[in-house]
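Only the coordinates and a few stated rules stand behind these numbers; no lab work does. Source: prediction; values computed, not measured. Ideal geometry is used to build each Cβ from the backbone, glycine not excepted, and the neighbour counts take in all protein chains shown.
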Amino acid sequence: MSVIAVLATPAGALGTVHGTVTDAGAAPVAGVEVRAYDAVYGTLRATAVTAADGTYSQPVLAGSYRLQFHDPSGTYADEFFDDASDWASSGVAVVPESGDLLADASLAPAHGSVAGTVTAAGSGTPLQGITVEVLNAFGWVVASAVTASDGTFAIVGVPAGTVTVRYHDPSGTYATRYYDGADTSGAATLVAVTGGATATADQALAPGGALSGTVRMGTLPAPGILVGAFSVGDLALAGLAATASDGSWTIAGQADGDYLVLYLDPAILGPNPEHALRPVVAPDIDVLSVGLVPAVEAATPYPVSGGATTNLGSASMVGDDCPPGGFVEWSYHTNTDFSGADLRGCRMVRVRFGGSDFGGADLSGADLTASNLTGVDAAGAVLDGAIITSSNWTGAVGVTAEQLTVTSPNWTSLALPSVDLSGVDFSERGYTMAYLWAPGAQLAGADLTGVQLGGANLIGADLQGTTMVATPMAAANVSGAHISGATIVKMPSPYPPYLAGGLSSGQLLSVDHDWSDAQLSLPGVKLDGVNFAGGGYDLHGVALGAMSVRLANFAGMDLTGASFPATNGQDANFAGADLTGAAFAGTAAVSGTSFTSADFSGANLTGASLAASWFNDSDFTGADLSGANLAGARLCGADGLTVPQVLAASHDWTNTCLSSTGLDLSGIDFVAGGFTLTKANLTDLNMQGAVFTGLDLTQTVIAGADLSDAVGLTGAQVKAAGGDWQGTDLSGNNLYLGGIDFSVTGRWLAGANLSGANLWLSTFNARDMTGTNLTGTILFNTRFLNTKLAGAQLGGADVRFARFDGATGLPSGGTSATYGTTTCPDLTMASAPATCVGHGFGA
């Protein structure tokens, strides 16, 4: 036996308490503490611990005691003297002087088990996955288990005594119940747990209903808010949820009945409750203003029935410094100190706050619609999600782009004069800035794509480098606004006009005249007759796209790097302008949408792109075309063009029109110069003796051109060229054009000079060859059935086996032609010495 302690007491005779501690099966239990308490005062007087054989012996002063047998390991339940389970029912142990008191004890196990089966009400179907919890008298969970596939559960290690059992379906399909079928813990039937025994607690669950809704902080969702559902009547907490990131919440698995709902910011339970949103009882009762009990009494009960969800809609919570219901409309709160105030979600509509201090205030989600905020101090204020529509911030200090660009994107009629919003991307949040009043605003580099700016006041605003693609600006005042480097694009049809964006002619002419590097694509805008040269405009690098600048004056201006895509510049004056690197590419090839008849005399077009642009009848006298791109340029009939000019330009003349320009390109080596002439229009040009060796002349127009004595020109090249050979001089090239059916290829040959060519086996049926020079050609076995040959020349031609059936017009040179089985126009057969002279040929 081990003696733990004998407490000091007044001197007296000693006695002994001894005995044996066993379990319910009479086996000795070691390590049990035997505590002797003063029977009257409850003071611990002595403690002994049982040995391995379960025995103990403890000397004590003679007197009266209450004995407790306690197992520190928790395996066995406490027992008091005389088989009592607690102090109150225990017997008094009397220890005689110099005598012994025998006090044996048999200990019962400290824990039992709770087991049972959970089924669906009505059908009796076993329910798997139901959480079964054992709650102590304080409502704390002391043990739990989850039902198996057959609905059974077994919870071991449950402290002996009476407990509450709760059944909860994590999926929310079935309503939470307490044993035996109670909706709340207060109404539950207690389960008696005996040490070493198993208590049965079966339960049937009915389908549960749900409560749901959202919590917002003004315009913003309020995540992390605790939402509690309380049973009407006993106000027991029946369900708890926390709002998601979007403010939504759901409390599922609720029993049929009525519930009150409380919204609570968990911050109110922390060290700084003044930073919490004000608690609300649904639907909208402010707890702090009316008190908890009145709030509960005034609350709306929400019914729940099995399988259905009751949606409470949206609840609003506000910051601690927001008056219940928000500020009264039209009220005065001028020159008021709101610095650091918590005004989250607060309604502040049409309130006069002029001159007030909002420094560091939290206005997240607040509604400031139409409020007067003139002269306020907003330094450090938080405006996340705040509604600032139609509010007036004139003279406000401390307002930054970072603050404003996290507000609600409806800036209709907002007054923001001189605010710096440089570089802000407004394109992704669907901003509406109709009637924005922002004279002098700094918007340089901002992306305003798609932003509604109709009716906005942007007088003198800095729009340099901004992007305004499809930005509606109808009736916006942009007088004096700076647009250099800006991109302003009006979307073409079929884009709806009210969404197409762009500036009108009047708006564009009202802005500051520095348009340098601005990219302006504004279909339908007419700047006809504008005197840009005399108006102090800076247009270097500008892009004037899809506009009309007919008769406009650009004379002598710096237009380096400028571009005019799809623009109509008919009769415009570019005389003496510096168009180095300018681009006219992409102007529409439609009547009236070109730079026809424009004046480019003396203009510097070095490196400019004239590709795919129309310059018919324009004046290029003295213009510098060095390195200019002429591919596809329509220079038909252009005045003042010289050979040195066009040779200094890029040599890609694909689809370029140089007809009727009078250019003398005789002797030009197009091969050495790296020229591309595919589809070029070279009508009427003199290219006598020019070098064409190996060049691709596919669809090149050579009507009326002089290609006589060209170098390297072949029949294949000529055949690939355009079909109009009228008046074309191909003499001196000894071209092989045999076997061609000219009646099928649709060639125009009137007036062409084909002298010396080999045309054997070719067909010219029903063609007009009036005035065609066929002198010395080989026409062996060639067909001219019903061909017009008036004025044609056949001198020295080889017409053996040729057929001229039905040909008209009396060609000349018949005397010197070579005949042999030749069919004359009147069907007479001619063989030397006979000729067709007098039979349809002239001498």
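Annotations for the structure displayed:
- Dimensions (Å) - segment 2-107, Cα atoms, principal axes, largest first: 39, 28, 20
- Each of the peptides 422-435, 479-492 was scored by the mean count of other Cβ atoms within 10 Å over its residues; in descending order, highest first, they stand as 479-492, 422-435.
- Here the relative contact order of segment 111-205, from alpha carbon pairs under 8 Å that lie six or more residues apart, stands at 36 percent.
- Sequence ranges 227-235, 24-32, 753-761, 246-254, ranked by mean other-Cβ count within 10 angstrom, highest first: 753-761, 246-254, 227-235, 24-32
- Fraction of the pair-distance distribution of segment 111-205 above 14 Å, Cα-Cα pairs, percent: 60 percent
- Per-residue Karplus couplings for segment 121-126, computed as 6.51 cos²θ - 1.76 cosθ + 1.60 with θ equal to phi - 60°, are listed in order as 4, x, 8, x, 5, x Hz, Gly and Pro entered as x.
- If the segment from Ala242 to Tyr332 were pulled out straight at 0.36 nm per residue, it would be longer than the present Cα-Cα gap by 28.6 nm.
- Label zone at His70, where the point sits 7 Å out along the Cα-to-Cβ direction: segment 91-108 residues whose backbone N lies under 17 Å: 107-108
- Measuring r between the beta carbons of Lys526 and Val671 and using R0 = 45 Å, the FRET efficiency lands at 0.45.
- Applying 1/(1 + (r/R0)^6) with R0 = 41 Å to the Cβ-Cβ distance of Ala843 and Asp639 gives a FRET efficiency near 0.35.
- Size of electric dipole in the chain: Cβ of Lys, Arg +1 and of Asp, Glu -1, about Cα centre, debye, nearest 20: 3300 debye
- Between Asp425 and Leu102, the modelled labels are 9.3 nm apart [label points 7 Å from Cα along Cα→Cβ].
- Its DSSP H runs of at least 4 residues, each contributing -39,500 (n - 2.57), put the calculated 222 nm mean residue ellipticity of the chain at -1000 deg cm²/dmol, to the nearest 500.
- Hypothetical label at Asp256: residues of segment 145-177 whose amide nitrogen lies under 16 Å (7 Å Cα-Cβ projection): 174-177
- Exposure proxy ranking, count of Cβ atoms within 10 Å, fewest first, for Leu647, Leu102: Leu102, Leu647
- In nm, spacing of pseudo-spin labels at Ala267 and Ala766 (7 Å Cα→C-beta vector): 9.3 nm
- If the segment from Ala475 to Val290 were pulled out straight at 0.36 nm per residue, it would be longer than the present Cα-Cα gap by 61.5 nm.
- Distance-filtered residues of segment 22-43 - backbone nitrogen under 18 Å, label point 7 angstrom along Asp53 Cα→Cβ: 22-23, 26-32
- Binning the alpha carbon pair distances of the chain at 10 angstrom intervals from zero yields the distribution 2, 10, 10, 9, 9, 9, 9, 8, 7, 7, 6, 5, 3, 2, 2, 1, 0, 0, expressed in whole percent.
- Here the label points at Val146 and Ala197, each 7 Å from Cα along the C-beta direction, are separated by 3.2 nm in the simple model.
- Max-minus-min Cα coordinates of segment 209-316 on each principal axis give 39, 30, 22 Å, with the largest extent listed first.
- Overall form of segment 736-843 per C-alpha gyration tensor (a/c, 1.5; a/b vs b/c): rounded
- Since only Thr466, Met491, Gly375 are under comparison, the one whose Cα sits farthest along the positive direction of the charge dipole of the chain, derived from C-beta charges on Lys, Arg, Asp and Glu, is Met491.
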